[in-house]
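For reference, the structure is listed below as structure tokens.
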Amino acid sequence: MTRIALIHATPIAVEPVHAAFAALWPEARPIDIMDYSLSPDREAAGCIDDALTRRIEALTRYGILTGADAVLFTCSAFGAAIEAAAARADRPVLRPNEAMFRAAMDRGRRIAMICPFAPAAASMQDEFRAEADRLGNGATLDTILAPGAIEAVRAGDIATHNRIVAAKAGELRGYDAIVLAHFSTARALDDASRATDIPVFASPQAAAGVVALKSRSIPADRAVAQSLAALDWLLAQGCRQVVFKYCSTFDSTPQGNIGPVAMALADRLGARGVVVCPAFPTMGRTIYQGHLFVGDRLLSESGMQDHPLTPMTDPDLRRWLGRQGTGPVGLVPLCVVRQGAAAIRAALEASDATLVVTDATSDEDLMAIGAALAGARLVTGGSGIALGLAQNLDVAGPGVAAPRRTAPGPGVVLAGSCSGMTRRQIEHHRAAHPVIEIDVPAVMAGTLTPEAVARQLLALVAQAPLAFSSGSPEQVARMQAEYGREAVAARLDGFFGDLARALVAAGVTRLVVAGGETSGAVVSALAPGALEVGAEIDPGVPVLRAASGLALALKSGNFGAEDFFARALDGMEDRP
Ligand SMILES: Nc1ncnc2c1ncn2[C@@H]1O[C@H](COP(=O)(O)OP(=O)(O)O)[C@@H](O)[C@H]1O
Ligand SMILES: O=C(O)[C@H](O)C(=O)COP(=O)(O)O
């Protein structure tokens, strides 16, 4: 059982943080280390002096001596000292505000912090500044003191505390998010959320993180290194379950990257019997006897055998992983999955293999697999695997925020996927909108520039134009034979990235992108920061909104119905 040393500088933080653990992570064992002189001493010192810094370090060492897997400070007034202690510790040492600040910055740049304990304000401002600088997002934090609130809670009058904090929240205008400064203030989260339309965040509840990598088809050693770095970061945030998400068509080559990355993550986490389940039944991706199907076809006959970067020529997931050097791979067959969560868990635990392909042909199977994975350190799968994982988390969340608004504005479609579905969607779009074919040989020869295509698109922007590079398997094979697979992909990635940048710079506010790699290139070039997930346009493809107001739909080549492009652009329009 994971042991977390909680270090409290004030008694008023104890109850909220325990309540948060009980709700969000009941399997953990939080232990309390209390030095209630810290908070008044901090107030008297007026800053984090040497003596306080040494005390924070000693407490961190003591927390580790108790055998804790991580140390969490519950008082917000010691940021720099905690950072210094963390640098010397051999396991995660966390400040209370890290996750909350990031969650708030995901909502936009203008953040307000309601702060009942004035001496904590300066160091929290510093922490916020450091995080905003690290992310380069230009976020600003205004501190709003809430006189009387801390005194009320110290006197046990929670109702008054909550009323004061909520009243402050209700007065705020023009902010993208409000954060509540201390663990003790989290008590007022519900009241404050009711008092305002602005999303409100508190420390204990803001504790989830996603890292999006573009590692599907880069060299395996780089994919492993990037994934391990992401894992370390997530562990440092205190994450207790890590999901390695890959495509539900298992996009990879005999060199990787799913097998090597999954093995490296399992090794770092000491995990065995790790589930491998790319099933996404809603999209026709099912697994039976370890073989992946797309609709009523084996994967290798579904069109994926012609994929430009990751041609999937073998539907046997165990054999495919074996070619990627994973060693023997286990199987939990459908007949066991149908016996339910306990049987699945027992089968995974009994397996000698590190990786275990798990059959699933329906959403009910994914729910049972999800239940079996409660507490598993590592899970791997397509996006469908998430279906059954949420039930293990009793997360109310920090309140539902009002969706971001997109200024109605010009919309453009970019297609780099060569999948059959994308090519049909392009033809469908052509019937009512202008469609421009990007001349790939001219791109490779350097005679066609992204700026030229941007100019063509912008001239037609009122009619929802589309530009595509998507070629038939024969055209793709010709380009690759002439220039090499990686060179074509890299050049087109760069082209789409520059094209998207030029379009957004010229005022495009709605962008639909077809193709996973192509979407990765566009997002890397635009660097929009965290994206808010909105309504689902078609299964597996939501509207995404950036803090800047830009709306995106990033579509796997295979996903979406034939009329997807126009519907996606339409779905991004804000309606009164
Ligand atoms: N005409 C073309 N010839 C060769 N390769 C192409 C062509 N058009 C696009 N590509 C490449 O095909 C790949 C498509 O991958 P991706 O965008 O991930 O789509 P999907 O989601 O269908 O896998 C990209 O690497 C892209 O650069
Ligand atoms: O066809 C598929 O299943 C896709 O390649 C896929 O899995 C993409 O998934 P994503 O969730 O859109 O990355």
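Bear in mind that the values in this text are calculations on the coordinates, not laboratory data. All values reported here derive from a predicted model rather than from experimental measurement. FYI the Cβ positions are ideal-geometry reconstructions off the backbone, even for glycines, and counts take in every protein chain you see.
Think of the chain as having a plus end and a minus end, set by charges on the Cβ of Lys, Arg, Asp and Glu; of ILE178, LEU457, GLY411, LEU457 sits farthest toward the positive end of this dipole.
Need the C-alpha centroid separation for region 516-535 versus region 434-449, integer Å. First find each Cα centre; the distance between them is then 23 Å. For a straight C-alpha distance cut-off of 23 angstrom, the lysines reachable from LYS214 (same-chain residues fewer than eight places away being disregarded) are LYS245, LYS555.
To the nearest ten degrees, helix 121-135 and the longest principal axis of the Cα atoms of the chain are 10 degrees apart. Orientation-averaged projection of region 370-520 equals 12.6 nm² [convex hull of Cα atoms, one quarter of hull surface area]. Counting only DSSP beta bridges with both residues in the chain, what percent are antiparallel, rounded to the nearest 5? Roughly 25 percent of the beta bridges in the chain run antiparallel, per DSSP. Computed from Cα atoms, the angle from the helix 14-24 axis to the main principal axis of the chain rounds to 20 degrees.
To the nearest 500 deg cm²/dmol, what mean residue ellipticity at 222 nm is calculated for the chain from DSSP H runs of n ≥ 4 alone, each contributing -39,500 (n - 2.57), summed and divided by the residues?
Working: 22 runs with 233 residues, N = 576.
The helix-only estimate for the chain comes to -12000 deg cm²/dmol at 222 nm.
Restricting the calculation to Cα atoms, region 215-346 shows an Rg/Rh of 0.97 when the hydrodynamic-style radius is the Kirkwood one.
This ranking places GLU532, GLU364 by how few other beta-carbon atoms lie within 10 Å of each, fewest first, which gives GLU364, GLU532. The loop-placed trypsin sites (Lys or Arg not before Pro) in region 318-380, going by DSSP, include none that has at most 11 neighbouring Cβ atoms within 10 Å of its Cβ.
Summing Lys and Arg as +1 and Asp and Glu as -1 over all other residues whose Cβ lies under 13 Å from the Cβ of GLY515 gives a net charge of +1. Panel values: region 85-199, Kirkwood radius from alpha carbon pairs, Stokes-Einstein at 25 °C and 0.890 mPa s, translational diffusion coefficient 168 µm²/s.
Extension gain THR160-ASP296, at 0.36 nm per residue separation less the Cα-Cα distance, in nm?
42.7 nm
Counting only Cα atoms, the size of region 39-147 along its three principal axes is 40, 30, 19 Å, in decreasing order. Gap in Å between the Cα centre of region 360-386 and the Cα centre of region 295-353? Between the Cα centres of region 295-353 and region 360-386 lies a distance of 14 Å. When Rg and the Kirkwood radius Rh are both evaluated on Cα atoms of region 261-324, their ratio Rg/Rh stands at 1.02. For the pair region 1-22 / region 172-198, the C-alpha centres are spaced 21 Å from each other.
How much net charge surrounds LEU213 when only the other residues with a Cβ under 11 Å from the Cβ of LEU213 are counted, with Lys and Arg +1 and Asp and Glu -1? Net charge around LEU213: +4. Helix 363-372 and the longest principal axis of the Cα set of the chain meet at an angle near 40°. How are the C-alpha pair distances of the chain spread across 20 Å bins, as whole percents from the shortest bin up? The distribution over the chain is 19, 48, 30, 3, given as percents. In plain terms, the residue of LEU389, LEU298 with the fewest other Cβ atoms within 10 Å comes first and the most crowded comes last, giving LEU298, LEU389.
Ranked by the mean number of other Cβ atoms within 10 Å of their residues, highest first, the peptides 164-170, 43-49, 144-150 come out as 164-170, 144-150, 43-49.
For region 467-576, the C-alpha radius of gyration sits at 1.12 times the compact-globule guess of 2.2 N^0.38 Å, with N the residue count.
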